[in-house]
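A short worksheet on the structure shown next.
The values are calculated or read from the model by the stated rules, or taken from the named source; none is laboratory data. Worth saying up front: this structure is predicted, and the values here are computed from it rather than measured. Don't worry about glycine lacking a Cβ; one is built from the backbone with ideal geometry, like all the others, and counts go over all protein chains shown. Surface areas here come from the heavy atoms of the whole protein model, side chains and all, with no ligands, DNA or RNA. Shrake-Rupley method; radii C 1.70, N 1.55, O 1.52, S 1.80 Å.
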Amino acid sequence: MTQSNLNFTEGHEIPEGYKKTEVGVIPNDWETPKFGEICTLINGRGFKPYEWSKKGLPIIRIQNLNGSDDFNYYEGAYDPKIFIENGQLLFAWSGSRGTSFGPHIWKGQNALLNYHTWKLNINHSKVDDKYFYHILKSLTKIIEDSAHGASALVHTQKGEMEQFDIPMPPSRIEQEKIATALSDTDALISELEKLIEKKQAIKIATMQQLLTGKTRLPEFALREDGTPKAYKDSELGQIPEDWDVKKLSEITTYINDGTHFTPNYVKNGIPFYSVENVSSNDFENVKYITNEEHQSLLKRCHPERGDILLTRIGTLAKTRLIDWDIDASIYVSLALIKLNKNILSSFVYAFTKTDIFMREVEKRSLVNATPQKINMDEIKNVPIIISNDMKEQVDLANIYLSLEGDLNKLTKQLFKLENIKVGMMQELLTGKTRLV
């Protein structure tokens, strides 16, 4: 492997051995054929609901490309052109930006292709399938930007697709090596995604049991006489005899939302959080306000370490424990919860991740409101199951925070790996780095 360490940014001189083309600066020995010269697009068929059956060949719809195993079937005569086998390269030309829209490799049984998706018949004498797949992945953002439609749902047309220029290494060996390097990285990303999904499921199942008292930690399961502690009925179902159900208003010193007025944003200043920051758990990519406006907003709502942020407009019941020294203000879409001193905020935070809490918030939200919304008075009435033993609160909260910490580390690893993949694509698919 050789590496050029080239800078191909606009305004720089084209390095020796490279040329400027429609797709940017690429090696002299690379070509740029049109998409339509190396691939034929075959559209799926628009199967009607009355044609659906419970047997026959499954019909590949957009949702099936995203992993759904909910199929409709067809058992009539069909054009062989829309017959799809495992490993076939497809392209969803109408779908959701960033998810379904773009290239997919079919990994299911023999099936028939529905409308809104193309079957890609590649000229194998010119291009390797896997290399072409990665080219399509790299082009998807460009295609989306060029596509028709609103910000969420987009589509492109056959004539437009056929005119895209494809950077093409001269030999199949180089194409295959590029594809292998990128596919290996994809495999690592996939394995990490599966691990995160597995650990997330374990965390949810474990904490659903522990934070509702259905499963007790051994040191808290017995009375002083050695007999098992009993359970009692509550509005949230059976709970341990030494636990209680309390409204948020009964265990807090303060619950309020942020400013109801859109502030004047500045380039640099004091962080200003809204529902998007809590929903994505991203407190780095934030908006900013002046210190003067911040000081004014603090009189209404003053976030501090140990408080809990709760989303209340647009997205409901997403929470974040403020576990850092904070100097920020919040918008009306967030509620700020300050707990009593005899209640561990991290325990309550952990409980907010249970299905029970989310259901109770949704139950009190405004019916048919767009966007979703829950009023402040209703937040105060949301019930919490809580242990009366502070040590038990601490132990349960620590278990949750440990599980959450492990997941956060894995998520950061995934983010780094995805960024590495983006960098690899930029290097390998433009010939900046050569593998032969």
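Direction-averaged shadow area of the convex hull around the Cα atoms of the chain, nm²?
Mean shadow area of the hull around the Cα atoms is 28.5 nm².
Could you work out how far apart the two model spin labels at ASN66 and GLU250 are, taking each label as a point 7 Å from the Cα in the direction of the beta carbon, and quote it in nm?
Rounded to a tenth, the inter-label distance reads 4.1 nm.
Hey, could you get me the Stokes-Einstein D for the stretch 336-386, Kirkwood radius over alpha-carbon pairs, 10 °C and 1.306 mPa s, rounded to whole µm² s⁻¹?
Rounded, D is 133 µm²/s.
With r as the distance between the Cβ atoms of ASN281 and ASN375 and R0 = 30 Å, compute the FRET efficiency 1/(1 + (r/R0)^6) and round to 0.05.
It comes to 0.75.
For the stretch 232-292, what is one quarter of the convex hull surface built on the Cα atoms, given in nm²?
Over every viewing direction, the Cα hull of the stretch 232-292 projects on average to 7.0 nm².
Using alpha carbons only, how many degrees (0 to 90, rounded to 10) separate the axis of helix 172-210 from the longest principal axis of the chain?
In the chain, helix 172-210 runs at an angle near 20 degrees to the longest axis.
Scan around LYS287 for amide H atoms under 5 Å from its own, H built in the peptide plane at 1.01 Å from N, and keep only partners 5 or more places away or cross-chain.
PHE272
Say a site is exposed when it is one of the chymotrypsin sites (Phe, Trp or Tyr not before Pro), sits in a DSSP loop, and has at most 13 other Cβ atoms within 10 Å; what is then the longest site-free stretch of the chain?
1-260
Kindly provide the pair-distance distribution of the stretch 247-338 built from C-alpha pairs, with 5 Å bins from 0 and whole-percent values in order of increasing distance.
3, 14, 27, 28, 19, 7, 2, 1, 0
For the chain, report the accessible area per residue in Å² (1.4 Å probe, heavy atoms, rounded to an integer).
Accessible area per residue: 53 Å².
Could you give the length gained by full extension between TYR265 and ASP389, i.e. 0.36 nm per residue of separation minus their alpha carbon distance, to one decimal place?
Extending this stretch completely gives an extra 40.2 nm.
Could you state, as a whole-number percent, how many of the C-alpha pairs of the stretch 158-243 are farther apart than 18 Å?
Value for the stretch 158-243 (Cα pairs over 18 Å): 71 percent.
Kindly write out, for the stretch 250-267 in residue order, the coupling ³J(HN,Hα) from the Karplus curve 6.51 cos²θ - 1.76 cosθ + 1.60 (θ = phi - 60°), rounded to whole Hz, with x marking Gly and Pro.
So the J values, rounded to whole Hz, are 7, 10, 10, 9, 6, 9, 7, 9, x, 4, 8, 10, 5, x, 8, 7, 10, 5.
Among DSSP bridges having both ends in the chain, what percentage is antiparallel? Round to the nearest 5.
90
Could you tell me what fraction of 2.2 N^0.38 Å the Cα radius of gyration of the stretch 282-436 comes to, as a two-decimal ratio?
Dividing the Cα Rg of the stretch 282-436 by 2.2 N^0.38 Å gives 1.35.
Amide H of LYS247: which non-local residues (sequence gap of 5 or more, or other chain) have their own amide H closer than 5 Å, using H built in the peptide plane?
ILE384
Cα extents of the stretch 89-198 along the three principal axes, largest first, in whole Å?
42, 37, 30
In nm, to one decimal, how far is the modelled label at ARG359 from the one at GLN200, with both set 7 Å along Cα→Cβ?
2.1
Counting only C-alpha contacts under 8 Å and six or more residues apart, can you give the relative contact order of the stretch 180-272 as a whole percent?
13
Please list 3J(HN,Hα) in residue order for the stretch 137-142, calculated via the Karplus relation 6.51 cos²θ - 1.76 cosθ + 1.60 where θ = phi - 60°; whole Hz, with x for glycine and proline.
Per-residue couplings from phi come out as 4, 5, 7, 4, 4, 5 Hz.
Strictly over 23 Å apart at the Cα level, which of LYS287/LYS318; LYS229/LYS338; LYS198/LYS373; LYS48/LYS81; LYS137/LYS287 would you flag in this model?
Among LYS287/LYS318; LYS229/LYS338; LYS198/LYS373; LYS48/LYS81; LYS137/LYS287, the Cα-Cα distance tops 23 Å for LYS229/LYS338; LYS198/LYS373; LYS137/LYS287.
Please give the length that would be gained between VAL422 and PHE83 if that part of the chain were fully extended, namely 0.36 nm times their separation in residues minus their C-alpha to C-alpha distance (nm, one decimal).
118.8 nm
Going by amide H atoms built from the backbone, whose H comes under 5 Å of the H on TYR74, apart from near neighbours?
SER53, LEU57, ILE59
Helix-only mean residue ellipticity at 222 nm, the chain, DSSP H runs n ≥ 4 weighted -39,500 (n - 2.57), per residue, nearest 500. What is it?
Calculated mean residue ellipticity at 222 nm is -10500 deg cm²/dmol.
Once you wrap a convex hull around the alpha carbon atoms of the stretch 51-126, what is its projected area averaged over all directions, in nm²?
With every direction weighted equally, the projected area is 5.5 nm².
Using θ = phi - 60° and the Karplus curve 6.51 cos²θ - 1.76 cosθ + 1.60, what whole-Hz ³J(HN,Hα) does each residue of the stretch 318-328 get, with Gly and Pro shown as x?
7, 10, 8, 7, 7, 10, 9, 6, 9, 9, 7
Looking at the chain as a GNM with Cα springs under 10 Å, which of PRO49, PRO303, PRO167 has the largest mean-square fluctuation?
PRO49
What's the longest piece of the chain with no exposed trypsin sites (Lys or Arg not before Pro), counting a site as exposed if DSSP puts it in a loop and it has at most 10 other beta carbons within 10 Å?
108-266
What Kirkwood hydrodynamic radius do you get for the stretch 299-345 when you take the inverse of the mean 1/r over all pairs of distinct Cα atoms, in Å?
It works out to 11.2 Å.
Percent relative contact order of the chain, based on C-alpha pairs within less than 8 angstrom and at least six residues apart?
16
Quote the relative contact order of the stretch 242-325 in percent (integer), defining contacts as alpha-carbon pairs under 8 Å separated by 6+ residues.
Here the relative contact order equals 26 percent.
Taking only the alpha carbons of the stretch 1-130, what extent do you get along each of the three principal axes, in Å, biggest first?
61, 30, 26
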